[in-house]
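Taking it in order: structure first as structure tokens, then the write-up.
The values are calculated or read from the model by the stated rules, or taken from the named source; none is laboratory data. Remember, it's a predicted structure, so these values are computed and weren't measured experimentally. Here the Cβ positions follow ideal geometry from the backbone for every residue, glycine too, while neighbour counts run over all protein chains shown.
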Amino acid sequence: MERAPGHVVNVRDAPPWRGRRLVALPDLLLEAHDGGYAIVVNAASGARLKVSSGLYRILSSFRLPRTLEEAVEEAGDPRIAAGVDALLGRGLLMDADRPMPMAQPLRRAVPYRFCNAPRWAAPAAGDGFVVLGVPYDLGGPGHCRDAPMLIRQRSLDYAYLLDLDTHRPRGWFDAASGERILKGVPIADAEDVHVVYGEKQADTFARMETAMRHALGERSVPLVLGGDRSLCFVMARRLAMRQPLTVLQFAPDTTMAHGEGEVVTVRDVGRRMAALEGIVSCLTLGLRADAGAAVEAGEITVAAARARGLAETVHGAMMAKDVLLAVDVGVLDTSMPPEGNGFSLSEMRDLIDAVGRRHRIAGIGIFGLDAGGMTGGAVAGELLGIVACHLALYAMHGASCAWQGGP
């Protein structure tokens with residue numbers, strides 16, 4: 001084995017990886033680098049490691065499988081060898097020809113947190129929200145897997161800050177209502193459920209339900225960022241274990257179709273949820289006149305809701321005290337000028353307010369944000385991301401009013 005000139009290596013003391021090809025783990029992300037150190041994230045496990053800039057330079061040399069001699073010029077320097085030992089020991093490098101068995105992680109790290117709220121660390125004992133992204137969209141035709149990241153990006157316009165005196169969240173001033181919302185309400189971001197495209201839907205759903213079970217305290221309210229609305233099935237199944245539950249979906253087309261097989265889709269998710277133990281009722285509000293299918297029992301069109309009155313429509317429905325609120329953003333009228341075929345943002349706020357006044361919102365789901373399918377391209381997708389973030393915050397406000405003695 002060739003050595004750099006001037007370096008003498010005792011073969012008996014050579015590390016076991018000497019001469020073998022090493023490679024950086026495939027799921028590593030760089031979160032921060034300030035010249036003195038770097039923070040590296042293992043997106044598969046969620047682990048974050050702080051390493052020196054020197055170690056990061058060595059790690060970067062192994063983006064492709066290489067021996068130490070192929071990767072760095074100073075291969076004979078004992079400090080380089082010590083650095084490789086450290087990277088192997090911390091699980092950032094592995095033997096390229098003897099890969100470690102990788103268990104499927106429960107959650108994956110994300111580059112942004114909702115409103116820059118703190119990362120979830122443990123289930124909270126009191127009231128609060130836990131944000132969980134689920135980039136799954138194989139239950140329908142839309143491309144919604146990028147929506148959790150887009151919503152989190154847009155949410156950074158709202159800074160999650162603590163009051164200096166109380167050490168409680170300051171909340172945000174809502175211009176539409178003229179009041180401060182979510183004051184004193186804690187939020188934690190549990191990042192994304194790990195989704196493997198191509199695996200059975202049941203496996204993805206089981207992982208999502210396990211992630212919810214691990215992250216939620218007894219009084220925590222989940223905010224799930226989908227993905228498509230088939231994910232609402234998992235939320236309903238999990239939350240109905242706590243108490244009897246009504247599922248109120250805002251969706252532009254039917255959720256009560258007769259499905260075939262075991263796969264839950266966006267078109268039959270309502271019927272599937274209605275059959276779950278603990279579900280009192282399942283309602284879908286917001287069907288459009290051009291949805292193309294007959295309106296099933298438990299489904300209400302936009303026109304019918306307006307004719308009866310939005311608040312009266314909600315209050316007149318037979319609902320349990322606890323409600324899972326699921327919003328498919330396709331229910332919104334995003335046309336310019338508005339065509340009136342979907343709910344306006346103002347109408348959605350009124351509907352959410354009507355739910356929060358008489359019911360406890362036990363969970364919130366934001367689904368169906370297909371930015372690529374929007375007329376108007378990327379700009380329209382960005383705007384829809386802002387609207388989705390706004391709806392999430394207002395739904396959270398509606399849920400928190402029950403804790404804080406609000407209307």
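Within 24 Å of Leu49 (Cα to Cα), at pLDDT below 95 and in contact with a His (Cβ under 9 Å, 6 or more places away or on another chain): which single residue out of Pro123, Pro111, Pro101 fits that description?
Pro123
Scan the stretch 82-89 and give yes if some residue there is surrounded by 15 or more Cβ atoms within 10 Å (Cβ to Cβ), at pLDDT below 95 and assigned to a loop (DSSP other than H, G, I, E, B), otherwise no.
Scanning the stretch 82-89 turns up no residue that is surrounded by 15 or more Cβ atoms within 10 Å (Cβ to Cβ), at pLDDT below 95 and assigned to a loop (DSSP other than H, G, I, E, B).
Are any residues in the stretch 349-368 farther than 20 Å from Gly227 by Cα and among the hydrophobic types (A, V, I, L, M, F, W, C), and if so, which ones?
The answer is Leu351, Ile352, Ala354, Val355, Ile361.
Of everything in the stretch 59-75, what is without any contact (Cβ under 8 Å) to a residue 60 or more places away in the chain, over 17 Å from Asp27 (Cα atoms) and either surrounded by fewer than 18 Cβ atoms within 10 Å (Cβ to Cβ) or out of contact with any strand residue (DSSP E or B) (no Cβ under 8 Å at 6 or more places or on another chain) (or both)? Give them in sequence order.
Arg66, Thr67, Glu70, Val72
Just to be sure, is Met336 of a type outside the set (Val, Ile, Thr) and touching a strand residue (DSSP E or B) at 6+ places or on another chain (Cβ under 7 Å)?
no
Determine whether the stretch 76-91 contains at least one residue that is closer than 25 Å to Gly198 by Cα, touching a residue at least 60 places away in the same chain (Cβ under 8 Å) and out of contact with any Pro (no Cβ under 7 Å at 6 or more places or on another chain).
Taking every residue of the stretch 76-91 in turn, none turns out to be closer than 25 Å to Gly198 by Cα, touching a residue at least 60 places away in the same chain (Cβ under 8 Å) and out of contact with any Pro (no Cβ under 7 Å at 6 or more places or on another chain).
Of all residues being among the hydrophobic types (A, V, I, L, M, F, W, C) and either in a loop (DSSP other than H, G, I, E, B) or over 14 Å from the mean Cα position of the chain (by Cα) (or both) in the stretch 206-216, which is surrounded by the most Cβ atoms within 10 Å (Cβ to Cβ)? Just the residue, please.
Among them, the one singled out is Leu216.
Given the conditions (1) within 26 Å of the chain's Cα centre (by Cα); (2) assigned to a loop (DSSP other than H, G, I, E, B); (3) not assigned by TED's automatic domain parsing to the domain that holds Val185, report the number of the one that Lys50 does not fulfil.
Of the numbered conditions (1) within 26 Å of the chain's Cα centre (by Cα); (2) assigned to a loop (DSSP other than H, G, I, E, B); (3) not assigned by TED's automatic domain parsing to the domain that holds Val185, the odd one out for Lys50 is (2).
What's the number of the only condition in (1) under 15 Å from Arg229 (Cβ atoms); (2) in contact with an Asp or Glu (Cβ under 7 Å, 6 or more places away or on another chain) that Leu310 fails to meet?
(1)
Every residue in the stretch 193-209 that is of a type outside the set (D, E, K, R) and touching a strand residue (DSSP E or B) at 6+ places or on another chain (Cβ under 8 Å), please.
Val193, His194, Val195, Thr204, Met208, listed by residue number.
Evaluate the stretch 217-225: report whether one residue or more is touching a helix residue (DSSP H, G or I) at 6+ places or on another chain (Cβ under 8 Å), at pLDDT below 95, surrounded by fewer than 24 Cβ atoms within 10 Å (Cβ to Cβ) and assigned by TED's automatic domain parsing to the domain that holds Leu393.
No, there is no match, as no residue in the stretch 217-225 is touching a helix residue (DSSP H, G or I) at 6+ places or on another chain (Cβ under 8 Å), at pLDDT below 95, surrounded by fewer than 24 Cβ atoms within 10 Å (Cβ to Cβ) and assigned by TED's automatic domain parsing to the domain that holds Leu393.
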